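I am attaching a structure below and will ask some questions about it afterwards.
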Amino acid sequence: MLSRPRLLVPLLAAALVGALTGCSLFDRDAGGISVVQPTAGAAGGGTQLEIPTTVAAGQVSLLQRLGADGPLRTLSVERNGAWQCLDCAGDGVTSRGTLAPELTERLQVLLADPALATETDQARRYRTTCIDALTSSLLTSTGLVTSQDCPGEERTPVAGEILLLLTQATPAEIIG
């Protein structure tokens, strides 16, 4: 029996709030990922449900959204390679599995790579630029690393390899 990933409850809460309010998950001006929920009677105001921007060492979560209005897709991978994917293929299906031992080992090497720290959104001062592109954000112990599937955007070496590994080994997608 797989243990429930630690980020599952906050991710589900964020997805539910986003689905109910129709608001964007990715708010780069706040310096992280947040969901903005309008407050009744507050002109232009709102409250934010913050999702942690890091996970424990050896763990990774992938959050994806196609365009501004697409459903949130989430994949959480534990240190032992066990993964759970919520709506990864955009089909509403929750799936579970375990990475092959060699992939789990490779993922752990990539997550421990010191170069990952230079690829975080904060270090790169990353801003999303494409409309209706697949936006992928990796939550790692180092920080948040975001990329978009749009022409001209270069993938970061380490995070790009993590994204490729995850999308090849699970139902998550690398392109929209």
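The values are calculated or read from the model by the stated rules, or taken from the named source; none is laboratory data. Note that this is a predicted model, so its numbers are computed, not measured. Here the Cβ positions follow ideal geometry from the backbone for every residue, glycine too, while neighbour counts run over all protein chains shown. Quick note on the areas: whole protein, heavy atoms, side chains included, nothing else; ligands and nucleic acids left out. Shrake-Rupley method; radii C 1.70, N 1.55, O 1.52, S 1.80 Å.
Any residue in region 116-145 that's over 21 Å from Ala172 (Cα atoms): show its pairings with residues that are of a type in the set (Lys, Arg) at Cβ separation under 6 Å, as long as the two are six or more apart or on different chains.
Going by the 6 Å Cβ cut-off, the qualifying pairs are Arg127/Arg28.
Next question. Looking at region 65-82, which of the residues that are touching an Asp or Glu at 6+ places or on another chain (Cβ under 8 Å) and open to solvent by 30 Å² or more (accessible area, probe 1.4 Å) is nearest to Ser147 (Cα to Cα)?
Narrowing region 65-82 to residues touching an Asp or Glu at 6+ places or on another chain (Cβ under 8 Å): 66-68, 71-74.
Still in the list and also open to solvent by 30 Å² or more (accessible area, probe 1.4 Å): 66, 68, 71.
Numbers: Leu66: 12, Ala68: 14, Pro71: 17 Å.
Applying the filter and picking the extreme gives Leu66.
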